[in-house]
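As structure tokens, the structure follows; a few thoughts come after it.
Every number here is computed from the coordinates shown, using simple stated rules; none is lab data. As the structure is a prediction and not an experimental result, all values here were calculated from the model. Cβ placement follows ideal geometry from the backbone for every residue including glycine, while neighbour counts extend to all protein chains displayed.
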């Protein structure tokens, strides 16, 4: 069983270590005996092999390689089954959404457009962005596995027709601004290989539907688009907050002008009251002076008629 390509560097290093160990054992044997005894060398190599743990390491590498091959086989089989493939795409889509967006910004399998239920939906101030993760891959797999060129070409044409039907359905169901969606939706393909095939072999088809608002994305390209969506939503939120602050400032300014006008009226009344108080004070002073002048002759006459004053 061939090792996966990503394990080759580690396996190479392990083999180099084995070779170095063998050379060390051989050198030790020559130094100790002056010659090479085949049986003794074999025993020494076996001891060195076990002492360095090379046998265990190789068994571990082989076990991991078998596990990876089984995992690859399971995933490949799952992608062939439509139901399992759909579930795999939904799980992958949800993982990508959770990595890039806050929980309250998206939903999974909820009805959002006239009873239509996309695999995911993103809430934005401009509307709902729908994401469909169902994609027909049966004919693509058949084309990849076909040995006859004619069969391969036929399956590829059928796959292109499948893709067009799916994109048409997404455009009809999920690109509906009048119903509350944005002017575009995402068609999520859970396979970079399939996405690359479509970009290179069916570019005109993808370009035509992109003009109608259906954007085909892969796990890698969806992440970048989600970051752009999040940045736009955050910018819109900041703009709304700025507008709210400006509106509050305008209301506060209007209230300040009303208070300022009331204060000016009060000051005017206070000044008028002060002026009236001065008038009243002057009038009161005049009356007091008059009373004092009237009282003075009466007091003088009383003093003149007092006999006590004469006797003194």
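The coefficient of translational diffusion for region 99-234, derived via Stokes-Einstein from the alpha carbon Kirkwood radius under 10 °C and 1.306 mPa s, stands at 101 µm²/s.
Highest mean first, the peptides 219-225, 257-263 sorted by other C-beta atoms within 10 Å per residue fall in the order 219-225, 257-263. Remark: relative contact order (region 127-239) = 28 percent; criterion is Cα-Cα distance under 8 angstrom and separation of 6 or more residues. Peptide packing: for 201-211, 116-126, the average count of neighbouring Cβ atoms within 10 Å per residue gives the ranking 116-126, 201-211, highest mean first.
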